[in-house]
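What follows is one structure encoded as structure tokens, with my remarks underneath.
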């Protein structure tokens, strides 16, 4: 069953060439010409960013008409678009079934990263993460993951994808949900993102973040070989069991063994949120160094981004930089992430759909 676009028609977004050929076959397009027409469709959807069939000027007019009668390349509905004072942009997107996710674009001087979501809600209930307070509603399909990238390209006016000087250069799969618990759809979407005839992103500029779904880590390396980021956040199992409950299934030692086997083309990033008085001591830093022995790694220190009723506070700047010095002195790069988009709740750990916030506020008021 093909996914529905926001306008209710089956969507072609998310289909690779064989899927596009099958759709052309259903329209009665002659077999001999289908491969060419499928390549043209692919080019218009993923390279040129056409949001209507009428814009696909290299396709015959009658074919464009037949396509538009049956299929769609419409984007999800943009419920809201917010812009932070620092240039960060956040989109709240609504899909055909009414479910919503957030995606965030973070610009730098000469590049920019889109943080994409892979689930509506999350099952992992990490206690420092706002998304973790939402129940899992469902996985996103590959078309819905790809659609977030198309919306960002639309918003940045960066079609075609091969243009020089574009800002959208990176994808980080670090939004709502655990991508390795939606493995097949995540990989299918990233294949389209990496396709040189499509979205044309470099493999070294795509990173998948996981809280530690160990059996899928090695598979990800074999299937895509993209960058790997690990949401670590603690150096002792008893604390990580609390902060990142999936640790009860795959503990720190098991997770780090999987990281050692990952076919890394670049260092694995270990994400470590700095929580005042919880995981930020010098002893924690020294234990982190010990744990990373033998892994090509860098440690990304993340100042805790508060959200309403959050149970933690952020470590002081002095404490964060003292922690970083210990890690750096051991030979591991340890940048302190500059929080982006805090004023629009777009920073790391803050994503939660507006519909969820509204439902909660209404329930409280009742």
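Taking 2.2 N^0.38 Å as the expected size of a compact globular protein, what ratio does the Cα radius of gyration of the chain give against it, to two decimals?
Working: Rg = 21.4 Å, N = 366, 2.2 N^0.38 = 20.7 Å.
Computed over Cα atoms of the chain, the ratio equals 1.03.
Sort 164, 108, 21 so the one with the fewest other Cβ atoms within 10 Å of its own Cβ comes first.
On the way: 164 4, 108 12, 21 20.
Ordered by Cβ neighbours within 10 Å, fewest first: 164, 108, 21.
I need to check one value: relative contact order of region 17-70, counting alpha carbon pairs closer than 8 Å and at least 6 residues apart, in percent.
Details: 37 pairs, mean separation 15.7, N = 54.
Dividing the mean separation by the residue count of region 17-70 yields 29 percent.
Which whole-number percent gives the relative contact order of the chain, counting Cα pairs below 8 Å spaced six or more residues apart? Numbers along the way, then the final one.
Details: 719 pairs, mean separation 53.7, N = 366.
For the chain, the relative contact order is 15 percent.
Which residue fluctuates most in the GNM of the chain (Cα springs below 10 Å): 45, 302, 78?
Maximum among the listed residues: 78.
Pick from 118, 80, 268 the residue whose mean-square fluctuation is largest in a GNM of the chain, springs joining Cα atoms under 10 Å.
80
Hey, fewest Cβ within 10 Å first, where do 39, 94 land in order? Walk me through the intermediate numbers first.
On the way: 39 14, 94 18.
Final ranking by Cβ density, sparse to dense: 39, 94.
At a Förster distance of 25 Å, what's the computed FRET efficiency of residue 16 paired with residue 62, Cβ-Cβ distance as r, to 0.05? Please list the in-between numbers first.
Working: r = 25 Å, r/R0 = 0.99.
Efficiency, from the Cβ-Cβ distance: 0.50.
Can you tell me the 0 to 90 degree angle between the C-alpha axis of helix 252-261 and the longest principal axis of the chain, rounded to 10?
So the helix axis and the longest Cα principal axis differ by about 50 degrees.
Work out how far the C-alpha atoms of region 249-307 reach from end to end along every principal axis, then list the three figures in whole Å, largest first.
35, 24, 22
With springs connecting C-alpha atoms under 10 Å apart, model the chain as a Gaussian network and identify which of 311, 303, 335 has the largest mean-square fluctuation.
311
Using a Förster distance of 41 angstrom, determine the FRET efficiency expected from the C-beta separation of residue 163 and residue 281, and round it to 0.05. Walk me through the intermediate numbers first.
Working: r = 48 Å, r/R0 = 1.17.
Result of the calculation: an efficiency of 0.30.
When the scattering of region 120-247 is computed by the Debye formula from its Cα atoms alone, each counted once and equally, what is log10 I(q)/I(0) at q = 0.10, 0.19 Å⁻¹?
-0.35, -1.09
Using 1/(1 + (r/R0)^6) with R0 = 30 angstrom and r between the beta carbons of residue 241 and residue 197, what's the FRET efficiency to the nearest 0.05?
0.10
Can you bin region 57-148 into rounded, prolate or oblate? Criterion: square roots of the alpha carbon gyration tensor eigenvalues sorted a ≥ b ≥ c, rounded for a/c under 1.5, prolate for a/b above b/c, oblate for the rest. Please list the in-between numbers first.
Numbers: a/c = 2.83, a/b = 1.53, b/c = 1.85.
Verdict is oblate for region 57-148.
Kirkwood hydrodynamic radius, computed over distinct alpha-carbon pairs, for region 203-263: how many Å, to one decimal? Spell out each step's value before the answer.
Details: mean 1/r = 0.0847 Å⁻¹.
When all Cα pairs of region 203-263 are included, the Kirkwood radius is 11.8 Å.
Does region 1-158 come out rounded, prolate or oblate by the C-alpha gyration tensor, with a ≥ b ≥ c the root eigenvalues, rounded set by a/c under 1.5 and, if not, prolate when a/b is larger than b/c and oblate if not? List each step's numbers first, then the result.
Numbers: a/c = 2.56, a/b = 1.72, b/c = 1.48.
Prolate is the answer for region 1-158, as a/c is 1.5 or above and a/b outweighs b/c.
So how much slack lies between residue 70 and residue 254, counting 0.36 nm per residue of separation and subtracting their Cα-Cα distance, in nm?
The residue 70-residue 254 span can extend by a further 61.3 nm.
How big is the Rg/Rh ratio for region 17-70, C-alpha atoms only, Rh by Kirkwood, two decimals?
Details: Rg = 10.0 Å, Rh = 11.0 Å.
Dividing the radius of gyration by the Kirkwood radius yields 0.91.
Roughly speaking, what is the centre-to-centre gap between region 181-256 and region 120-135 when only Cα atoms are used, to the nearest Å?
If we compute the Cα centre of each part, the gap is 17 Å.
Using all C-alpha to C-alpha distances in region 48-107, build P(r) with 10 Å bins and read off the rounded percent in each one.
With a bin width of 10 Å, the distribution comes to 20, 32, 28, 18, 2.
Determine, for 122, 259, the number of other Cβ atoms within 10 Å of each Cβ, and report the residues in order from fewest to most. Each step should come with its number before you reach the end.
On the way: 122 26, 259 23.
Ranked by crowding around the Cβ, least crowded first: 259, 122.
Values quoted throughout were computed directly from the atomic coordinates according to the rules given, and no laboratory measurement underlies them. The model shown is predicted, which means the values in this text are computed figures rather than measured ones. Don't worry about glycine lacking a Cβ; one is built from the backbone with ideal geometry, like all the others, and counts go over all protein chains shown.
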